[in-house]
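This report concerns only the one structure given below.
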Amino acid sequence: MRNETAFWPSPETYVVRARPDRPVLCFAPDVLQATARRFQDGFDGLVTYAVKANDSPAVLANLVAAGIGAFDVASPVEMERVCAVKGDAVLHYHNPVRSAEEIAAGIAHGVQSWSVDCPQELAKLADVPRQGREIAVRLRLDVAGAAYDFGEKFGADPAEAAALLHQAKAMGFTPSLTFHPGTQCADPEAWAVYVAAAAEVAARAGVRLHRLNVGGGFAAHRGGVAPDLEAIFARISEALSAFGAQRPALVCEPGRAMVSDAFTAVLRIKALRQGGAVFLNDGIYGALAEWRDLGAPGRMVVMAPDGRARVGAPRTRVVFGPTCDSLDRLPDPLPLPQDICEGDYLIVPGMGAYTAAISTGFNGYGRHDVVTIARG
């Protein structure tokens, strides 16, 4: 990823003036800071940022400028990247599987919150200082509402979670619970079910929770009506009544919903085949990797290099990426205007999460220039 210092009014202006041939991510710092303030104003608790979504120094610096001081990290590398931007950042290490060396790095970086989902992982944390250190037991439920969930990989069932809570408190840690409703979740009831279950787990363990981390999973705007984040925030707060007088403090860790709208992807049509197939300058080894699992977003426009919008009737087309691998292909045909031409651009909003973070350099593709814009 290469950062450009120029500042542009909009992605469309950038296309007309620069005519880029490489894939570009247009970054709008004001949009990112506004989203951070939206979470801080609307969520009734501590807002942390899940660094995995986009670990760009510019993203981290703008979140710090917006008042975000706590970060959910999943590796020592992410710890280092956060601390390079904010030396006194609060670190939550909520990847529940760690090596001895990774635990040592977390201790060295002063991690304040550690998640666990099984007795073996809790036992590994025996050398973690107790003072001011939290163990957040990760709860797992079978709850619908997300594009896909993490339950097969992480989490403890309610009975296991209760036992872990009791053990963590006995070890001298501050006991908390955490959960993740699943990726791209827009249903407030998914959070409500988890909150109610968390209250039952705490009661079963005989432990008063210090905090309840309601995870990430907040849906980004990919198409249609934008997700109602405020409805989710309100439902979480309402559901806390299940704890009665022992209501814990709240924490959330948005990643996708925090950073998605701050970036717009600019992709170019490299070639059109007689049968209608399209070749782009980016694909599943680059910014489009998630389109294999989540599908293509519904928000995109096609424009000619001179700025004219392509408005022809939609035609479904097979879309290939630029590499020599035949697997570099979107799984579903994409409806694109009938009048598209080679050299046109796809302008795709909402591309800030898991684009640059998981892009490869295969065949020399998948790397992106980044330019700064005034708006998304």
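Of all residues in region 65-80, count the ones that are in a helix (DSSP H, G or I) and crowded, with 18+ Cβ neighbours inside 10 Å.
Summing the residues that are in a helix (DSSP H, G or I) and crowded, with 18+ Cβ neighbours inside 10 Å in region 65-80 gives 3.
I'm checking my understanding of the structure. Among residues of region 337-371 that are part of a strand (DSSP E or B) and in contact with a Ser or Thr (Cβ under 8 Å, 6 or more places away or on another chain), which one is surrounded by the fewest Cβ atoms within 10 Å (Cβ to Cβ)?
V370
Is one or more of the residues making up region 84-101 part of a helix (DSSP H, G or I) and farther than 30 Å from P119 by Cα?
Yes, the conditions are met somewhere in region 84-101.
In the list A277, A231, A245, A249, which residue meets the criterion of being surrounded by fewer than 21 Cβ atoms within 10 Å (Cβ to Cβ), over 19 Å from the mean Cα position of the chain (by Cα), among the hydrophobic types (A, V, I, L, M, F, W, C) and not assigned by TED's automatic domain parsing to the domain that holds N95?
That would be A277, the only listed residue that is surrounded by fewer than 21 Cβ atoms within 10 Å (Cβ to Cβ), over 19 Å from the mean Cα position of the chain (by Cα), among the hydrophobic types (A, V, I, L, M, F, W, C) and not assigned by TED's automatic domain parsing to the domain that holds N95.
Given the residues D127, D142, which is the only one that is in the same structural domain as M171 (by TED's automatic domain parsing), within 30 Å of E189 (Cα to Cα), of a type in the set (D, E, K, R) and without any contact (Cβ under 8 Å) to a residue 60 or more places away in the chain?
Sole residue among the options that is in the same structural domain as M171 (by TED's automatic domain parsing), within 30 Å of E189 (Cα to Cα), of a type in the set (D, E, K, R) and without any contact (Cβ under 8 Å) to a residue 60 or more places away in the chain: D142.
Being part of a helix (DSSP H, G or I) and either touching a Leu at 6+ places or on another chain (Cβ under 7 Å) or hydrophobic (A, V, I, L, M, F, W, C) (or both) is the filter here; which residues of region 43-64 pass it?
Scanning region 43-64 gives V51, A53, A58, V59, L60, A61, N62, L63, V64.
Looking only at residues that are touching a residue at least 40 places away in the same chain (Cβ under 8 Å) and over 29 Å from A65 (Cα atoms) in region 98-123, which one is surrounded by the most Cβ atoms within 10 Å (Cβ to Cβ)?
Only one residue fits best here, namely V116.
Over 25 Å from the mean Cα position of the chain (by Cα) and under 24 Å from A74 (Cβ atoms), is that true of L209?
Yes.
The values are calculated or read from the model by the stated rules, or taken from the named source; none is laboratory data. Nothing here was measured: the structure is a model prediction, and the numbers come from that model. Reconstructed Cβ throughout: ideal geometry from the backbone, glycine too, with neighbour counts over all protein chains shown.
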